[in-house]
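Step one of this worksheet: look at the structure below.
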Amino acid sequence: MSQLTTLSLASDEELIQEFRQGDRERAAAQFVRRYQRFVYSVAYRYLGRHEDAQDAAQEVFLRAFENLHRFQQRSSIRTWLYRITVRVALGMLRQQKRSAWVHWNDAFSEDEEPTSPSLSPEHIHERQEFEHYFHRLLQSLPEKQRETFALRYIEGLSYEEISRMLGTSIGGLKANYFLAVRKIAKALLNGPYAEYFRQALNTNGNPSKHEHIPR
């Protein structure tokens, strides 16, 4: 088994040890591979532009590697990176003095399933239009509700980890998630994509990965 493969299977604690006392460059490269999508997704939800999110992600990892020797593992690496990412993104927003809207797709085309060749250009356009609509809908939510929904539904994190990231109780997170899902469901059922959403409900039974969408 190659050293690279071994590192890819290493725990975060083992990677930290490797970074501090072993091959710093290889450990750093593995950290980036492991968390680049997560960091980018968080940055994009705040910044709303692919280029800005890429710049933010680069800055986040630079700061992380500068301070990893001081990381005391009182929280998970993911939680630590989330907090750094939010600080970097908010700093960029203050500098730019502008608002952002949510998007988390289209930046990692190499990690996603390729577009089906059976889809017509019209269908591709319709899907893109729906994505833009849904992203604007997410951006209309209060920040805590938006981040709770994104971290729970999109990233698939547990309430325990989200609680550490956002500094909100698990009960508060569940309330935020419930409110976000209810608002999203109401908007979808009464918006231009109502028929599409109803078909998805009938086909899948439960469009949420975690909780039932309240009717």
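Among the residues of segment 153-199, the one identified as modelled with pLDDT under 90, exposed (fewer than 13 other Cβ atoms within 10 Å of the Cβ) and hydrophobic (A, V, I, L, M, F, W, C) is ALA194. Only one entry of GLN36, GLN58, GLN30 meets the criterion of being modelled with pLDDT of 85 or more, polar (S, T, N, Q), surrounded by 13 or more Cβ atoms within 10 Å (Cβ to Cβ) and under 26 Å from LEU137 (Cα atoms), and that entry is GLN36. Listed by first and then second residue, the pairs linking a residue in segment 45-70 that is under 29 Å from HIS132 (Cβ atoms) to a residue that is among the aromatic types (Phe, Trp, Tyr) and surrounded by 16 or more Cβ atoms within 10 Å (Cβ to Cβ), with Cβ atoms under 6 Å apart and 6 or more places separating them unless they lie on different chains, are GLY48/TRP101; ALA53/TYR40; ALA53/TYR44; ALA57/TYR40. The requirement of being in a loop (DSSP other than H, G, I, E, B), at pLDDT 75 or above and not basic (Lys, Arg) is satisfied by GLN72.
The values are calculated or read from the model by the stated rules, or taken from the named source; none is laboratory data. Just so it is clear, the structure is predicted and the values come from calculations on it, not from any experiment. Here Cβ is always computed from backbone atoms with ideal geometry, including for glycine, and neighbour counts include all displayed protein chains.
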